[in-house]
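Below is one structure. I have some questions about it.
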Amino acid sequence: MALRHLMSPLDLTVDETTRLLDLAYDMELHPETYAHICEGKRLATLFFEPSTRTRLSFEAAMMNLGGKVLGFSSADSSSAAKGETVGDTMRIVSCYADICAMRHPKEGAPLVASMRSMVPVINAGDGGHQHPTQTLTDLLTIRSLKGRLDHLKVGLCGDLKFGRTVHSLISALSRWEDISFVLISPEELKVPGYVREALNAKNIPYTEVVKLDEDTMAGLDVLYMTRVQKERFFNEEDYVRMKDFYILDREKMKLAPKDMYVLHPLPRVNEISVEVDDDPRAAYFYQAQCGVYVRMALILTLLGMAPEHI
Ligand code: NCD
């Protein structure tokens, strides 16, 4: 089997993505079937940037499959601190592991690593660029809650400039029928040009607005909230000015459609008030749970071990 990596959600076709989501769903229903399938296999998690959900859900995923995990959770504890390149690090790690998930503050670093790797490399977030496994998680969550990935109006709110989860989700969803987007952000944090150009090229309807109000939320199937990405700002002043731009609270939720689910890749800071957690439309904790199943399915798929019948 040819070596396959996952750098962007577009590295999987729509059919492959659907199959992966079906496999994730089967794993949720029948975990025992998969409990030993990766015995003898190792996953390396190379995290040059902080993470809770992504790294731990990758590790839990490999353990659920009966495999083992190794790795590091900060650049300081790896040889990057001595000046080693990601290419060299990856070349070495591919002697120790069968598959690798890498997070890095520099855009494109996992791609560079994949070019030197002898095992599949998964981009677990590269700077403000892409985060394909969060997108698979988001797709599984949306499909489970709404029963479909087509005919959806999706609002994305917050830091659309630096939020890599937003860029990946927009490009992935754009491949389904009848998708439209409402992009809600301060002027300074609008989606990057390449994301807008891809939407224009495919004639996908979208609007860009600043306010998160009743009119903006009208007709939304999903509202995807994001935090302002503090670590990607060049100065503290701009961050402070924008960090509390949006706060989704109980009052705002009263104005939202009854069937509009609220997603958030987490961590949240202030953009969703804790009082929203009890709202039946709050789906962000369920979303985090979906992350384990899609990562299990992805590991099997990239190792070429996904069962034929799904
Ligand atoms: C996201 C990320 O790292 O981009 N978190 C995650 O992986 N669940 C979102 C964020 O950090 O804001």
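The values are calculated or read from the model by the stated rules, or taken from the named source; none is laboratory data. The model shown is predicted, which means the values in this text are computed figures rather than measured ones. Backbone-built Cβ (ideal geometry, glycine too); neighbour counts: all protein chains shown. Side chains are part of the model used for accessible areas, which takes the heavy atoms of the whole protein and leaves out ligands, DNA and RNA. Shrake-Rupley method; radii C 1.70, N 1.55, O 1.52, S 1.80 Å.
Across segment 54-68, which residue is nearest to the ligand (Cβ to nearest atom) among those that are surrounded by fewer than 18 Cβ atoms within 10 Å (Cβ to Cβ) and not small (Gly, Ala, Ser)?
Leu56
Mind telling me which of the residues Thr13, Thr85, Thr17 ends up being polar (S, T, N, Q) and either open to solvent by 80 Å² or more (accessible area, probe 1.4 Å) or more than 30 Å from Gly147 (Cβ to Cβ) (or both)?
Thr85
Just to verify a result, which residue in segment 106-120, among those that are touching a Gly at 6+ places or on another chain (Cβ under 7 Å) and of a type outside the set (A, V, I, L, M, F, W, C), is nearest to Leu3 (Cα to Cα)?
Arg116
Filter segment 264-281 for residues that are under 20 Å from the mean Cα position of the chain (by Cα) and either of a type in the set (Gly, Ala, Ser) or within 11 Å of the ligand (Cβ to nearest atom) (or both) and give the result.
His264, Pro265, Leu266, Pro267, Arg268, Val269, Glu271
While we're on this one: Which of the residues that make up segment 264-304 are open to solvent by 50 Å² or more (accessible area, probe 1.4 Å), aliphatic (A, V, I, L, M) and part of a loop (DSSP other than H, G, I, E, B)?
Within segment 264-304, Val269 is the sole residue that qualifies.
Is it true that Lys146 is under 17 Å from Pro267 (Cα atoms) and either in contact with a Phe, Trp or Tyr (Cβ under 8 Å, 6 or more places away or on another chain) or open to solvent by less than 10 Å² (accessible area, probe 1.4 Å) (or both)?
no
Evaluate segment 217-224: report whether one residue or more is more than 16 Å from Leu160 (Cα to Cα), open to solvent by less than 60 Å² (accessible area, probe 1.4 Å) and part of a helix (DSSP H, G or I).
yes
Away from the ligand (no atom under 16 Å from the Cβ), within 19 Å of the chain's Cα centre (by Cα) and either open to solvent by 40 Å² or more (accessible area, probe 1.4 Å) or not polar (S, T, N, Q) (or both): is that true of Ala80 in this structure?
For Ala80, the condition - away from the ligand (no atom under 16 Å from the Cβ), within 19 Å of the chain's Cα centre (by Cα) and either open to solvent by 40 Å² or more (accessible area, probe 1.4 Å) or not polar (S, T, N, Q) (or both) - is not met.
Do we find that Tyr261 is within 24 Å of Asp178 (Cα to Cα) and open to solvent by 40 Å² or more (accessible area, probe 1.4 Å) in this structure?
Answer is yes for this residue.
Under 6 Å between Cβ atoms, which residue pairs at least 6 apart in sequence (or on different chains) link something in segment 128-151 that is over 14 Å from Leu12 (Cα atoms) with a partner that is near the ligand (Cβ under 10 Å from one of its atoms) and aromatic (Phe, Trp, Tyr)?
The qualifying pairs are Gly128/Phe162.
Which one is nearest to the ligand (Cβ to nearest atom), of the residues in segment 37-53 that are in a loop (DSSP other than H, G, I, E, B) and among the hydrophobic types (A, V, I, L, M, F, W, C)?
Phe48
Here is a list: Leu199, Leu160, Leu169. Which entry is in contact (Cβ under 8 Å) with a residue 12 or more places away in the chain, more than 16 Å from the ligand (Cβ to nearest atom) and of a type outside the set (S, T, N, Q)?
Leu199
Turning to a different aspect of this structure: Being of a type in the set (S, T, N, Q) and within 12 Å of the ligand (Cβ to nearest atom) is the filter here; which residues of segment 115-140 pass it?
Asn123, Gln130, Thr133, Gln134, Thr135, Thr137 - these are the residues of segment 115-140 that are of a type in the set (S, T, N, Q) and within 12 Å of the ligand (Cβ to nearest atom).
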